[in-house]
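First up is the structure itself, then whatever we jot down about it.
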Amino acid sequence: MSQSVGKKAGPAVEFVGVNKWYGRFHALRDINMSVARGERIVVCGPSGSGKSTLIRCVNKLEDHQQGAIRVDGVELTESPRSVEAIRRDVGMVFQNFNLFPHLTVLENCTLAPIWVRKKPKAEAEAKAMELLARVRIPEQASKYPGQLSGGQQQRVAIARALCMEPSIMLFDEPTSALDPEMVREVLDTMVELARSGMTMMVVTHEMGFAREIADRVVFMDAGEIVEVNSPAPFFDAPRHERTKMFLSQILR
Amino acid sequence: MSDAVFVRNAPAPALSPPASLVGPLGWARANLFSSIGSSAATLVLAALALWLIPPLIAWATWNATWSAPDGAACRTAQDGACWAFIAQKWQYLLYGSYPESEHWRVNLTGAFGAFLIGWLLWTGAPRKGLGAVLFFIVYPVVGFVLLHGAPDFGPPPADTVIFSRVLAPLWAGVARFFDAMRPALPPVDTIVWGGVFVSLLVSLVGIVVSLPLGVLLALGRRSNRPVVKALSVTYIEIVRGVPFITVLFMANNLLPLFVPDAYAPDRFLRPLVGTALFAAAYLAEEVRGGLQSLPKGQYEGAAALGLGYWRTMRLVALPQALTLVIPGIVNNFIGLFKDTTLVAIVGMTDFLGAMDNAMKDTVWSGPTILVTGYVFAGMFYYVVCAAMSAYARGVEKRLAAGRNR
C-alpha cells in the first residue's frame with residue numbers, strides 16, 4: 001500500500017494505534033490502517049461498531065484520545081489551524097445531507113469556496129455549475145434544498161463537497177436516509193466519482209456498491225477492525241466468524 | 001341492481017356544491033354556527049358588540065369636540081372626546097419642549113431615519129450594503145449633530161507627542177467645522193427633548209444596539225470557553241432577574257459614579273444605555289433558543305467544509321436561528337417600545353410623559369381630558385406595535401414561501 005500517486009508521496013490517510021472513548025465507553029480500539037491515494041475503502045459493520053466514528057475522526061468531527069491520524073502526511077492535532085487546513089482538503093457527505101436550508105443549491109455549493117478558498121464569486125459559481133452538471137442536476141441550481149427530493153439533495157451535497165476540490169472524500173452512510181427508489185441515483189454518482197480516481201472512504205450497507213467499486217472492504221465490530229480484504233474474497237470467503245455472521249445476516 | 005360487478009357507462013358529472021357549503025351562508029355555518037356552543041358565543045359577542053361599539057363611535061366622532069380655543073366647550077360636551085385638546089397640544093406631544101424654531105431638525109432627522117429604515121426593510125431595495133453603512137455609521141453622527149447641535153470641541157488637549165503631531169490639526173479642523181455650523185445648529189439641551197420624538201428615539205437606539213449585543217451574548221452563553229460562558233450567563237441572569245425600573249434607576253444614578261465628572265454621560269444617554277443593555281439580555285435568550293433548535297448536522301456540515309467558528313455562525317447558524325425566532329424578537333421589540341414609557345420615571349418626557357404634562361394644563365382641565373389623552377396615547381402605541389407585528393408577519397411569510405419548509 002505504499003505506491004505514490006499524484007503530487008505527494010505516502011498514504012492519503014493513516015491510522016496508527018488509534019483509540020477513542022466516549023466517556024467510559026471504548027469506541028475505537030487499536031485502529032491501524034492506511035489508505036493509499038486513489039484507493040476506495042468501504043467500511044461496513046453492525047450499528048454501533050464504530051464505523052461512522054472512524055471516518056468522522058479523519059476530518060476531526062470526532063477527537064481521538066490515543067494514537068495518531070495523519071491526513072496527507074499531516075498529523076491531526078488540537079490546533080484549530082491544522083484542523084481547518086485538513087477540512088479544506090477532505091470532503092464529507094452525511095447521512096442527512098446537512099445542506100443549508102436557507103441557501104439555494106448554488107449558494108450551498110459556493111459558500112465554502114468563496115469564504116474559505118477565497119475564490120471570486122464568478123469562478124466559484126462556474127465551478128459549482130460544472131459540478132452540479134456532473135451530478136446531473138444543474139437545472140435545480142436556483143432552488144432551495146427543501147424543494148428537492150432526498151436523492152437530489154444528496155447529489156447536491158456531493159457536489160457541494162466536491163466544490164472545495166478535496167483530495168479525499170468521506171461518505172457517512174450516504175444512502176441510509178433515502179427512499180429505496182432514490183438510492184440508485186446517488187450510488188451512480190458515487191460510482192462515477194470513484195472511477196475518476198478520487199480517494200474515498202465510504203461507510204455503507206450497500207454491498208453491491210462495495211463489490212463493484214471498493215479496492216478493499218473493512219469490516220468493523222465492537223470498535224475494532226475485524227477483517228480487511230478485497231471485495232471478492234471478502235464476500236465469497238469471509239474468514240472471521242463475526243464477518244461470516246454479519247454477512248449471513250445482511251445478504252440473502 | 002347487483003353490486004358484485006359494476007362497470008360505469010356514463011361519467012358522473014361534477015356538480016356545484018349545495019348552497020349551504022359555499023358563499024356567505026356556508027362561511028357563517030362553518031365559522032359562526034358550527035355547534036350549539038359556537039352559536040351561543042356568536043350571539044353573545046354580537047350583542048356585546050352592538051351594545052359597545054355604537055356609543056364608542058359616537059363618543060369618538062359626532063359627540064366629540066373637534067376644535068375649541070380652550071377647555072370650555074369640552075367641559076360642557078361631556079359625552080364626547082375632546083380632540084380639540086390633542087389638536088392644541090400636538091406640537092408639545094411630538095417634540096416636548098424642543099424649541100419651536102428648531103423643530104425642522106427633529107423632522108429632518110426623522111425623515112432621514114425613516115428613509116434609511118425603509119431602504120433596509122424593503123425587500124427588493126438595491127444597494128442595501130450602502131444603506132446599512134449610512135444607517136449604522138453615518139446616521140448616528142448626523143442625527144446627534146442635528147438634534148443636539150454642533151458640539152464644542154474646545155482646544156485640542158495636546159498632552160502626547162502623537163496626539164499633537166497627527167491628531168491636533170484634524171481636531172482643530174473638525175472643531176472649526178462645527179464652530180462654523182453653530183449659528184445654524186445652536187445646541188439644544190436634552191432636558192427639553194420630549195414627546196413622540198423621544199419615545200421613537202429611545203426605542204430605535206434600544207433596538208439597534210440591543211440586537212447585536214444580544215446575539216453576542218447568546219453566542220457567549222453557548223461558547224466552549226468557560227470564562228466567556230460564565231460572564232454571559234451571569235450578565236443575562238442578573239439583568240433578567242432585575243426589574244427594568246431598577247435598571248433605569250441604576251443607569252441614572254450609578255453610571256455617573258463610574259466615570260470622572262468631565263466625562264459623565266448625559267442624563268439622556270443614561271436611560272438609553274440602560275434600555276439597550278436591558279433588552280440585550282432578553283434578546284440573547286431568544287437568539288439562544290433559535291441556535292439550539294438547529295440540528296447538530298448544520299454545524300457539522302459547516303465544519304466539514306472548513307468554515308471556522310465565526311463564519312459558521314455568521315453564514316450558517318445565525319441566519320437560520322434569527323429567522324426561526326423572528327416572532328420572539330419582534331415580541332421583544334414591541335415590549336421594548338412600550339417599556340420606553342418607563343423612562344418618564346427617571347425624568348425624561350417621553351410621549352406618555354408629555355401627555356401627562358399636557359393634561360395638567362388648567363386651561364384644558366375637565367372630565368373628558370384624561371380619557372381623551374389616554375385613549376389617544378393608547379391608539380398611538382397600538383398603531384406602532386401593530387405595524388411592527390405586521391412587518392414581521394410579512395417577513396415570516398416571505399421566508400416560508402422562499403424555502404418551502
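The values are calculated or read from the model by the stated rules, or taken from the named source; none is laboratory data. What you see is a predicted model, and the numbers here were worked out from it, not measured in a lab. So basically every Cβ, Gly included, is an ideal-geometry build from the backbone, and we count neighbours across all protein chains shown. For accessibility, only protein heavy atoms count, side chains too; no ligands or nucleic acids. Shrake-Rupley method; radii C 1.70, N 1.55, O 1.52, S 1.80 Å.
Here are a few things to note about the model shown:
- When you count the other C-beta atoms within 10 angstrom of each residue and take the mean per peptide, B:191-204, B:220-233, B:27-40 line up highest first as B:191-204, B:220-233, B:27-40.
- Pairwise Cα separations in the stretch B:62-152 fall into 5 Å bins from 0 onward with the following percentages, short to long: 3, 12, 15, 13, 11, 11, 10, 10, 8, 6, 2, 0.
- Across all Cα pairs in the stretch B:229-269, the calculated P(r) in 10 Å bins from zero up to the longest distance comes to 26, 39, 32, 3 percent per bin.
- Summed buried accessible surface, chains A and B, 1.4 Å probe, nearest 100 Å²: 2100
- Alpha-carbon Rg with Dmax, taken over the stretch A:105-166, Å: 10.5, 31
- Carbon/sulfur fraction of accessible area - the protein assembly as shown, other protein chains in place, 1.4 Å, %: 64
- Theoretical ellipticity at 222 nm over the protein assembly as shown - DSSP helices of four or more residues, -39500 (n - 2.57) apiece, nearest 500: -17000 deg cm²/dmol
- The Rg/Rh ratio for the protein assembly as shown, using Cα coordinates for both the radius of gyration and the Kirkwood hydrodynamic radius, is 1.10.
- Integer Hz, Karplus 6.51/-1.76/1.60 couplings in order for the stretch B:293-307, x for Gly and Pro: 7, 6, x, 4, x, 4, 5, 5, x, 5, 4, 5, 8, x, 6
- When every Cα-Cα distance of the stretch B:24-73 is counted in 5 angstrom steps from zero, the calculated P(r) takes the values 4, 17, 14, 14, 11, 10, 9, 7, 4, 6, 3, 0 percent.
- Within 10 Å of each Cβ in A:91-100, the average number of Cβ atoms from other chains: 5
- The solvent-accessible area of B:Tyr374, taken with every protein chain present and a 1.4 Å probe, is close to 100 Å².
- Other-chain or far-sequence residues with amide H under 5 Å of A:Val218's (modelled H): A:Val42, A:Val43, A:Cys44
- Charges were assigned to the Cβ only: +1 to each Lys and Arg, -1 to each Asp and Glu. The resulting dipole of the stretch A:1-113 about its Cα centre is roughly 140 debye.
- Each Lys and Arg Cβ is given +1 and each Asp and Glu Cβ -1; about its Cα centre, the protein assembly as shown then shows a dipole of about 900 debye.
- Shown are B:Val395, B:Val205, whose ranking by accessible area with a 1.4 Å probe and every protein chain present, most to least, is B:Val205, B:Val395.
- Taking the Cα centre of the stretch A:176-252 as reference, the dipole from Cβ charges on Lys and Arg (+1) and Asp and Glu (-1) amounts to some 280 debye.
- Equivalent ellipsoid dimensions for the stretch B:171-210 as semi-axes, Å, which come from the Cα gyration tensor, largest first: 28, 15, 7
- Shape of the stretch B:250-405, Cα gyration tensor, a/c cut at 1.5: oblate
- Put B:Tyr382, A:Tyr144 in order of accessible area, highest first, and with a 1.4 Å probe you get B:Tyr382, A:Tyr144.
- Estimated translational D of the stretch A:115-204 in µm²/s (Stokes, Kirkwood radius over Cα pairs; 20 °C; 1.002 mPa s): 156
- Paramagnetic label reach from B:Lys296 (point 7 Å along Cα→Cβ; backbone nitrogen cut-off under 16 Å): within the stretch A:71-95, residues A:94-95.
- Span per principal axis, largest first, for the Cα atoms of chain A (Å): 53, 44, 38
- Within chain B, B:Cys385 have no other Cys Cβ under 4.7 Å of their Cβ and so lack a disulfide-compatible partner by this rule.
- Per-residue HN-Hα couplings for the stretch A:40-54 [Karplus 6.51, -1.76, 1.60; θ = phi - 60°; Hz; x = Gly/Pro]: 10, 10, 10, 9, 10, x, x, 5, x, 7, x, 5, 5, 4, 4
- Backbone phi angles across the stretch A:194-201, fed through the Karplus curve with coefficients 6.51, -1.76 and 1.60 (θ = phi - 60°), yield HN-Hα couplings of 4, 5, 7, x, 5, 6, 9, 10 Hz in residue order; Gly and Pro are listed as x.
- Calculated log₁₀ intensity ratio I(q)/I(0) where the Debye formula runs over C-alpha points of the stretch A:199-252, q = 0.21, 0.22, 0.29 Å⁻¹: -0.76, -0.84, -1.47
- Percent of Cα-Cα distances greater than 19 Å, calculated over the stretch B:290-382: 61
- Cα-based shape type of chain B, given that a ≥ b ≥ c are square roots of the gyration tensor eigenvalues and the cut on a/c is 1.5: oblate
- Long-range lysine pairs (8 or more apart or interchain), chain A, Cα under 20 Å: 8
- Counting Cβ atoms of other protein chains within 10 Å of each residue's Cβ and taking the mean over peptide A:111-118 gives 4.
- For the stretch A:41-172: Kirkwood Rh in Å [reciprocal of mean 1/r, alpha carbons]: 15.7
- Rounded, prolate or oblate (a/c below 1.5 giving rounded, otherwise prolate when a/b exceeds b/c) for the stretch B:1-129 by Cα gyration tensor: oblate
- Under a 5 Å amide H cut-off, with hydrogens placed 1.01 Å from N, A:Glu224 pairs with A:Arg29 among residues at least 5 apart or on other chains.
- Accessible area in square angstrom per residue, the protein assembly as shown, 1.4 angstrom probe: 51
- Taking chain B as the region of interest, the number of lysine pairs whose Cα atoms are within less than 28 Å, with members eight or more places apart or on different chains, is 7.
- Beyond 15 Å, the tail of the calculated P(r) for the stretch A:27-92 holds 54 percent of the Cα pairs.
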